[in-house]
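This report concerns only the one structure given below.
The values are calculated or read from the model by the stated rules, or taken from the named source; none is laboratory data. Predicted, not measured: the structure shown is a model, and the values here were computed from it. No Cβ is skipped: glycine too gets one built from the backbone with ideal geometry, and neighbour counts run over all protein chains shown.
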Amino acid sequence: MTAGILARWADRLPSLGPATPRLSLGEGATPLVAAPRLAAAIAPGVDLHLKFEGQNPTGSFKDRGMVLAVAKAVEAGAHAIVCASTGNTSASAAAYAARAGLQAFVLLPKGAVALGKLAQALQHGARVLAVDGNFDVALRIVQDLAARHPIALVNSVNPHRVEGQTTAAFEIVEAWGEAPDALAIPVGNAGNISAYWLGFQRAVTAGAATRTPRMLGFQAAGSAPIVRGHPIDDPHTVATAIKIGRPASWRTAVAARDESGGAIEAVSDEQILRAWSQLARLEGVFCEPASAAGVAGVAQMHARTPFAPGTRIVCVLTGHGLKDPDRAIACAPTLAEVAADITAVERALLG
Ligand SMILES: *Cc1c(COP(=O)(O)O)cnc(C)c1O
């Protein structure tokens, strides 16, 4: 039984003190799996691996930061937490609030949250409101709310979120005793790319790795403020988890890109959905659409200028596919019906 990231990485989490409760739902220690069939399809010669963060307790990487943010809120005496969310932050906040005995308040952009995520927030007892506006508007409102009331804000503007998320980089370094050549990751509010970069740097400081990877971030083309160089007022993409026009961690994401010799690029919804389907069909890994942006990005970069043979790349798959069942069904052929009869089934399946 894993004890979770606060117990495992106590020595690498500066804000964790003796008075911080060791909250856990068993987050972290997620699979890092080789993806040779996917590599052959999108980037032959690349040593491609997947860090499947959908295996966290609530089905996304958000648990790594949330467990620390909620533990610090408890330590500070808070009775409630609040967040704006494209879905996964709210699912995670609601679960860890329940675990810690706090009330969670959640603001979601109306009509733009995948079904599984909404179900989680509601089932865990969060007070959920659908705001008539996008994520960026909802984030501004919860920041004001937290400033006016004794409620802890647990969006990634909370530094404990980013700190907790550094643990994923520690796990990758631990697996190999070294950092990979590159890390490919979807970019929404840009907290996670910032956290991985901080984590890889701290791994070097701790003597666990000798170098840091190139950071390769990918935004959806209709929601790519960092790539375009200006905020997007009306972002759009099928990848709802990265549908963000004003990333809170914009500056740290750009620093991660530049200091690592990396890149932040845009990928189209079509490229994202193709990569999402290839992950499921070639590797048996079902992530949510936004999570496939890193894979789509590696394919795009390799097609333009091939990576050197043997380049080791980790694609971060940020969330689980069951979060967004509607999208999977919508992209699949309609279910054929058949009589309850062996001959009819043979004819239908085997032609
Ligand atoms: C939150 C989230 C992202 C974006 O992460 P940021 O830290 O906001 O850049 C990507 N994918 C999934 C599944 C998410 O839940």
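Numbers at a glance
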| quantity | calculated |
| --- | --- |
| Residue check for residue 58: within 16 Å of the ligand (Cβ to nearest atom), β-branched (Val, Ile, Thr), at pLDDT below 95 and in contact with a helix residue (DSSP H, G or I) (Cβ under 6 Å, 6 or more places away or on another chain) | no |
| Residue 305 at pLDDT 95 or above, polar (S, T, N, Q) and either under 23 Å from residue 62 (Cα atoms) or surrounded by 16 or more Cβ atoms within 10 Å (Cβ to Cβ) (or both) | no |
| Where a residue in the range 53-76 is of a type in the set (Ser, Thr, Tyr) and its partner, wherever it lies, is more than 10 Å from the ligand (Cβ to nearest atom) and in a loop (DSSP other than H, G, I, E, B), with Cβ under 8 Å and at least six apart | 58/25 |
| Total residues in the range 218-249, condition hydrophobic (A, V, I, L, M, F, W, C) and over 16 Å from the mean Cα position of the chain (by Cα) | 5 |
| Verdict on residue 237 being closer than 13 Å to residue 135 by Cβ and either of a type outside the set (Asp, Glu) or in contact with a helix residue (DSSP H, G or I) (Cβ under 7 Å, 6 or more places away or on another chain) (or both) | yes |
| Enumerated helices (runs of 4 or more DSSP H) restricted to the range 221-316, each holding at least 2 residues that are more than 16 Å from the ligand (Cβ to nearest atom) | 250-260, 269-283, 293-304 |
| Matching option when the condition is within 22 Å of the chain's Cα centre (by Cα) and on the phi > 0 side of the Ramachandran plot, among 321, 284, 294 | 284 |
| Which listed residue, of 41, 35, 69, 76, is more than 26 Å from residue 205 (Cα to Cα), crowded, with 22+ Cβ neighbours inside 10 Å, hydrophobic (A, V, I, L, M, F, W, C) and at pLDDT 95 or above | 35 |
| Conditions (1) out of contact with any Asp or Glu (no Cβ under 9 Å at 6 or more places or on another chain); (2) assigned to a loop (DSSP other than H, G, I, E, B); (3) over 23 Å from residue 115 (Cβ atoms); (4) hydrophobic (A, V, I, L, M, F, W, C): number failed by residue 335 | (3) |
| Residue in the range 306-313 that is within 18 Å of the chain's Cα centre (by Cα) and among the aromatic types (Phe, Trp, Tyr) present | no |
